[in-house]
Amino acid sequence: MQLQPKIAPYITEIISRLQNAGYEAYIVGGAVRDFLLNRQPKDYDLSTSATPEQIKKVFRDRHVLIIGKRFRLVHLHHRGEIIEISTFRKRPPDQTELRRPGKQAPEHMIFQDNEFGTAEEDAWRRDFTINAIFYDPVNDKIVDYTGMGMKDLAEKTVRSIGDPVLRFEEDPVRILRALKLVGQYEFAMEPGTENAVRQCLGFIVHASASRMTLELEKILKNPYGHRILETFRRYGFLKLFLPFVDSRWETPACSYMMKLLEERNRRIQEGKYRDSISLAMSIMTLPFAEEEISGRAPGQLWEYVPELPVRLHEILLRVLQPGMPTRRAVAAAIRTLLLQDRVKTLQIKKLLSHPGYPHARELAIIQNHVMWKFWRYEEQLPAPEPRRKKRRRGRLRTDRSSGGSESAEAAGTSDLTA
């Protein structure tokens, strides 16, 4: 198949070390799917026959953490990147005794998934055939245990493995993932899977808030996120995922928001800016803030009022509910919005070294392309000045370790995902 040239060498080296230690190991899931579609994956998921403790022994010379309770796995740190390594699983036993009293979760919902198994058992317990293709980069070997993954990928089909209703009962987040595949790749669901998605939409209320927030963050980073939201709306899922956006879908403000998001995603795909979560959050908030704060049409911003930061904060949280973004990302998004008036009127002399200027500049460029059309904005707006690294004295280390996130937020630094 000759996928090796596309794969980062350090990933092949990790697979090789596990195999040399006597374990099976593969690249799995979305990374394999993306390689086969000639797309570069954002990250890699690896799976192996080694247990988390055995993985940690193989990489005793590296920064390795065992995380998770519902699903134990390993995070291996490599030059600022986290590579997720899971152990092959098999279908878990009955989990009736793990159900919370008084909570009517789906009958077959999985609460713990730490029954280790073989590679084939792991493939058959996955969600969709196109996500159950394994790839061994050391031996350049593709393994398709279901026998349908490669065929469905070629035919752009999303198909559940086994009974789709059972799969969605086991993990309701799989409903969201099916719709993401349709939106991001413009695939179609096979009829049985599609019928089960429509039948089981309500199961999503049983997914944990933390998992749903994580999925929201992934969509905000995704350069096809606008298509995913459109798919959610088409299937009636958006009212469960982002009820405020769903309720305003037919309004000029929401239409403007989607156009801004599409333009931002186009620029990400062209390599013109990074996939910042906080920038996406500011885009989703801006049109509704224009309307609610000053009653203005899309593209006209707002009149300054003393309580503007508080109003923006309240609107942002309402737009993204029930998602719970981090305080740091929220602070960066609010800062981006507050700078829009000054950037729009080119009052930027004192902003060039401001930590919020890069995002504010990018949001202004996006608005100009979609609505303002005042200037050739990339030429009008100078690039931000390089940020100087502050030298910190040793005596401040205790303060930094005890109050890291609050200190960074108060200083106005950009969010970690910027």
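The values are calculated or read from the model by the stated rules, or taken from the named source; none is laboratory data. Note that the structure is a prediction, hence the values are computed from the model and not measured. As a convention, Cβ positions derive from the backbone with ideal geometry for all residues, glycine included, and neighbour counts pool all protein chains shown. Calculation scope for accessible area: heavy atoms of the full protein, side chains included, ligands and nucleic acids excluded. Shrake-Rupley method; radii C 1.70, N 1.55, O 1.52, S 1.80 Å.
Taking region 6-32 as the range and being of a type in the set (A, V, I, L, M, F, W, C) and touching a strand residue (DSSP E or B) at 6+ places or on another chain (Cβ under 8 Å) as the test, the residues that pass are Ile7, Ile11, Ile14, Ile15, Leu18, Ala25, Ile27, Val28, Ala31, Val32. Highlighted here are the helices (runs of 4 or more DSSP H) found entirely within region 295-372 that include at least 1 residues which are of a type in the set (A, V, I, L, M, F, W, C) and closer than 25 Å to Lys239 by Cα: 308-320, 327-338.
One residue alone among Glu194, Glu215 is surrounded by 13 or more Cβ atoms within 10 Å (Cβ to Cβ) and under 12 Å from Phe241 (Cβ atoms), and that residue is Glu215.
Residue by residue through region 233-250, note down the ones that are without any contact (Cβ under 8 Å) to a residue 12 or more places away in the chain and not in a helix (DSSP H, G or I). Within region 233-250, Glu250 is the sole residue that qualifies.
What about Glu230, is it outside any helix (DSSP H, G or I) and either over 23 Å from Glu194 (Cα atoms) or open to solvent by 50 Å² or more (accessible area, probe 1.4 Å) (or both)? Can you show your working first?
Values: outside any helix (DSSP H, G or I): no; either over 23 Å from Glu194 (Cα atoms) or open to solvent by 50 Å² or more (accessible area, probe 1.4 Å) (or both): yes.
No; evaluated as a whole, the condition is false for this residue.
Look at (1) crowded, with 19+ Cβ neighbours inside 10 Å; (2) touching a residue at least 40 places away in the same chain (Cβ under 8 Å); (3) within 17 Å of Phe128 (Cβ to Cβ) and you find that Glu186 fails only one, number (1).
For the condition over 30 Å from the mean Cα position of the chain (by Cα), at pLDDT below 85 and among the polar types (S, T, N, Q), what is the one hit in Thr417, Thr345, Thr413, Thr398?
Of the residues listed, the single one that is over 30 Å from the mean Cα position of the chain (by Cα), at pLDDT below 85 and among the polar types (S, T, N, Q) is Thr398.
Restricting the first member to region 266-295 and to residues that are touching a residue at least 40 places away in the same chain (Cβ under 8 Å) and within 18 Å of Thr336 (Cα to Cα), and the second to residues that are part of a helix (DSSP H, G or I) and polar (S, T, N, Q), the beta-carbon pairs closer than 7 Å and six or more apart or on different chains are Ser278/Thr336; Leu279/Thr336; Ser282/Thr336. Among the residues making up region 71-96, those that are in a loop (DSSP other than H, G, I, E, B) and either open to solvent by less than 70 Å² (accessible area, probe 1.4 Å) or closer than 12 Å to Ile14 by Cβ (or both) are Phe71, Arg72, Phe88, Pro92, Gln95.
Within region 22-44, the residues that satisfy the criterion of being out of contact with any helix residue (DSSP H, G or I) (no Cβ under 6 Å at 6 or more places or on another chain) and among the charged types (D, E, K, R) are Asp34, Arg39, Lys42, Asp43. Scanning region 163-172 for residues that are open to solvent by less than 10 Å² (accessible area, probe 1.4 Å) and either polar (S, T, N, Q) or outside any loop (DSSP other than H, G, I, E, B) (or both) turns up Phe168, Glu170. For region 333-386, a residue qualifies if it is open to solvent by 80 Å² or more (accessible area, probe 1.4 Å) and not polar (S, T, N, Q), and the qualifying residues are Arg342, Lys349, Lys350, Met371, Lys373, Phe374, Trp375, Arg376, Glu379, Glu385, Pro386. Tallying residues that are surrounded by 14 or more Cβ atoms within 10 Å (Cβ to Cβ), at pLDDT below 95 and not hydrophobic (A, V, I, L, M, F, W, C) within region 13-42 yields 6.
Looking across region 15-49, the residues that are touching an Asp or Glu at 6+ places or on another chain (Cβ under 9 Å), part of a loop (DSSP other than H, G, I, E, B) and small (Gly, Ala, Ser) come down to Gly29, Ser49.
Go through the residues of region 248-264 one by one and say whether even a single one is open to solvent by 50 Å² or more (accessible area, probe 1.4 Å) and within 19 Å of Lys344 (Cα to Cα). Yes, region 248-264 contains a residue that is open to solvent by 50 Å² or more (accessible area, probe 1.4 Å) and within 19 Å of Lys344 (Cα to Cα).
With the condition kept exactly as written, say whether any residue in region 297-314 is open to solvent by 10 Å² or more (accessible area, probe 1.4 Å), hydrophobic (A, V, I, L, M, F, W, C), modelled with pLDDT of 95 or more and more than 19 Å from the chain's Cα centre (by Cα). Yes. Residues in region 139-162 include at least one that is touching a helix residue (DSSP H, G or I) at 6+ places or on another chain (Cβ under 7 Å), part of a loop (DSSP other than H, G, I, E, B), in contact (Cβ under 8 Å) with a residue 60 or more places away in the chain and closer than 23 Å to Asn38 by Cα.
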